[in-house]
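A quick write-up on the structure given underneath.
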Amino acid sequence: MVLARLPSVANSILICISIVLFSLAAAAESRASPIHESVRLDTAWGPVHGTLLVPAGRGKFPLALLIAGSGPMDRDGNSALLPGANNSLKLLAEGLADHGIASLRYDKRGIGKSASKTFNEAELRFETYVDDAAAWVEQLRRDSRFSTITVVGHSEGSLIGILAVQRSAADAFISVAGPARPAGQVLRTQLRPQLKPALWRASEQILGALESGRTIESVPPPLLALYRPSVQPYLISWFRYTPAREIARLSVPVMIVQGTTDIQVDVAEAKALLEAYPGASPVIVEGMNHVLKLVPANAIQQRVSYSNPSLPVVPKVMDEISKFVHAAPRRQRRAPEPGRRSVIR
């Protein structure tokens, strides 16, 4: 009788083993899924909304604060002025989570979910964005889940990040496709091949006035989107900063990331930042464009890539940023140079 029952007992054992293995697999899958949290930063203008992505599991994680670029660029790296989405910052955040790094990305004031009835563009200044980024660092610093905070600024977000690091307790800084020259000079470089002579002359007059701190009432209709009166105070506040000069004031580990097929920011800008901060880690990625995708310097393919979320972020960028963020706690802070204390104007 005992022998007759053996197959049944064996089957029961196999079933139990299968249940255990299935439970372990399910638990492993659950551990592998990062946790998404909706978070907010309260400001006098209303809340700034963001997405916190935390790797599953216990223990402290290094965190990357991702700051988007200029214009109506949302937390995921997508612009309201372009069709579709490229999801560059969203993909970067997800990749960092796979590497054991938490991240916070957010919609800047007046953009995406952070738009509000109390937002007044005419009152916006570049320093407003800097204040918010620095406040995010301090808010995240109080979260016991995070060991270090690395500020990662993309494009215009690079300068925002530099200034925010100057006035916060961030542990490291990464510039991704960040200019070294003042924004007015970069804008000239980008506009020159696109404008007809008459509009170019008008643009030059307006830029010159803004760079000297003066607003312009009369703006040609084709240039209103760029120089509308309500945005001119913001441009004046932005143009006064030179990123290469400001990055030299930092006293934390710095990484400079730049792609060779970026049609918005040239490799020369990254080299100038590296000259300004000689101890920075350089990451020049062959074939990477402004939205962190592998795209040749072809106008059509470039344009398509800005609206193609299926193109992944270049793996080398993910790997280099991840290694840098994980290593940040083990690096020594660079002592500020005499007479070069951080000052937010």
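Among the candidates Y277, Y227, Y306, Y234, the residue that is of a type in the set (F, W, Y) and over 30 Å from A85 (Cα atoms) is uniquely Y277.
Suppose we keep only residues that are among the charged types (D, E, K, R) and farther than 22 Å from F239 by Cα within region 108-140. Which one would you say is farthest from the chain's Cα centre (by Cα)? By that ranking, first place goes to K117.
Which one is nearest to the chain's Cα centre (by Cα), of the residues in region 248-285 that are of a type in the set (V, I, T) and more than 20 Å from A327 (Cα to Cα)? So that I can check it myself, show each step before the final result.
Just the residues of region 248-285 that are of a type in the set (V, I, T), to begin with: 252, 254, 256-257, 260-261, 263, 265, 267, 283-285.
Remaining after also requiring more than 20 Å from A327 (Cα to Cα): 260-261, 263, 265, 267, 285.
On the way: T260: 19, T261: 19, I263: 18, V265: 15, V267: 18, V285: 17 Å.
Restricting to residues being of a type in the set (V, I, T) and more than 20 Å from A327 (Cα to Cα), the top hit is V265.
Where helices (runs of 4 or more DSSP H) sit wholly within region 108-199, those with at least 2 residues that are over 24 Å from S212 (Cβ atoms) and touching a strand residue (DSSP E or B) at 6+ places or on another chain (Cβ under 6 Å) occupy 126-141, 156-166.
Residues in region 256-272 that are under 11 Å from A177 (Cβ atoms) and either of a type in the set (A, V, I, L, M, F, W, C) or outside the structural domain of G157 (by TED's automatic domain parsing) (or both): I256, V257, I263, V265, V267, A270.
Restricted to region 52-101, and to residues there that are in contact with a Leu (Cβ under 7 Å, 6 or more places away or on another chain) and either in a strand (DSSP E or B) or of a type in the set (K, R) (or both), the residue that is farthest from R142 (Cα to Cα) is R75.
Within the set P253, P282, the sole residue that is buried (at least 20 other Cβ atoms within 10 Å of the Cβ), over 30 Å from G84 (Cα atoms), at pLDDT 95 or above and assigned by TED's automatic domain parsing to the domain that holds F119 turns out to be P253. Scanning region 18-69 for residues that are modelled with pLDDT of 85 or more, of a type in the set (G, A, S) and over 24 Å from I111 (Cβ atoms) yields S33, A56, G57. Scanning region 162-173 for any residue that is out of contact with any Gly (no Cβ under 9 Å at 6 or more places or on another chain), over 12 Å from V252 (Cβ atoms), crowded, with 24+ Cβ neighbours inside 10 Å and assigned by TED's automatic domain parsing to the domain that holds V54 turns up at least one such residue.
What's the number of the only condition in (1) buried (at least 17 other Cβ atoms within 10 Å of the Cβ); (2) under 30 Å from S103 (Cβ atoms) that Q190 fails to meet? The one condition Q190 does not meet is (1). Within region 196-210, restricting attention to residues that are closer than 18 Å to A183 by Cα and hydrophobic (A, V, I, L, M, F, W, C), the residue that is surrounded by the most Cβ atoms within 10 Å (Cβ to Cβ) is L210.
Checking each residue of region 328-340 against the condition of being closer than 20 Å to S158 by Cβ, at pLDDT below 95 and in a helix (DSSP H, G or I) gives at least one match.
Of the residues making up region 289-320, those that are polar (S, T, N, Q) and either outside the structural domain of S175 (by TED's automatic domain parsing) or touching a residue at least 60 places away in the same chain (Cβ under 8 Å) (or both) are S305, S307, N308. Across region 256-279, the qualifying residues are those that are of a type outside the set (A, V, I, L, M) and assigned to a strand (DSSP E or B), and the one among them that is surrounded by the most Cβ atoms within 10 Å (Cβ to Cβ) is G259.
The values are calculated or read from the model by the stated rules, or taken from the named source; none is laboratory data. Source: prediction; values computed, not measured. When we count neighbours, we look across all protein chains shown, and the Cβ atoms used for this are built from the backbone with ideal geometry, even at glycine.
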